[in-house]
Amino acid sequence: MWTARRDLPSGTVVQEGDLTPSAYSPDTVPADAVDDVDRVVGQTLAAPMSRGEVLTETRTVTGGLLRGYPGATAVPLRVTDAAVVDLLRVGDRVSFVVADPDGRSTPTLLLRDVPLVAIPRATQGGLGNGTPGRLVVAAVPRDSANDIAARAATSILIPVWHR
């Protein structure tokens, strides 16, 4: 199986040099451990990995992110205050309130109690296009994913944590 050669932050695009083959007792190997490095090279880590940690299918931004969330679609959402994203973790359950950036309407609830399935690493200097905030990826109900993405794209997004 393959393990992290060094600490890898969330959002890392996996390169072969980031991983090292490791031998483990068959009864300790996770069921979804990656055994073919070619399947993950070029994919993005959904969550950070510590040096020596086993790479599993759910660690990369693929359909595996939605395992355990039937009927969900992964939707990237830009949280306007980038510092707030530093407080979030993959697996957190959050609701999202949207506010009109021009203040013409009352803030409303966009999503209630959805899991975060990925938090891409912040890029140096942002996107370069003046877009504020940082992305998070949430598992949202499939039937409303398009509406959620469209509404979020034109609003200020504020996450609210749940226990």
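Entry remark, segment 88-105: residues being without any contact (Cβ under 8 Å) to a residue 40 or more places away in the chain and either farther than 16 Å from His162 by Cβ or in contact with a Phe, Trp or Tyr (Cβ under 9 Å, 6 or more places away or on another chain) (or both) number 4 in total. Only a single criterion out of (1) over 19 Å from the mean Cα position of the chain (by Cα); (2) among the aliphatic types (A, V, I, L, M); (3) within 12 Å of Thr60 (Cβ to Cβ) is not satisfied by Ala23, namely (3). Those strands (runs of 3 or more DSSP E) of segment 1-113 in which at least 3 residues are of a type in the set (A, V, I, L, M, F, W, C) and buried (at least 16 other Cβ atoms within 10 Å of the Cβ), considering only elements entirely within it, cover 72-79, 93-99. For segment 103-114, the count of residues that are modelled with pLDDT of 90 or more and closer than 21 Å to Ala47 by Cα is nonzero.
The values are calculated or read from the model by the stated rules, or taken from the named source; none is laboratory data. It should be emphasised that the depicted structure is a prediction, and the values quoted were computed from it without experimental measurement. All Cβ positions, glycine included, derive from the backbone under ideal geometry; neighbour counts span all protein chains shown.
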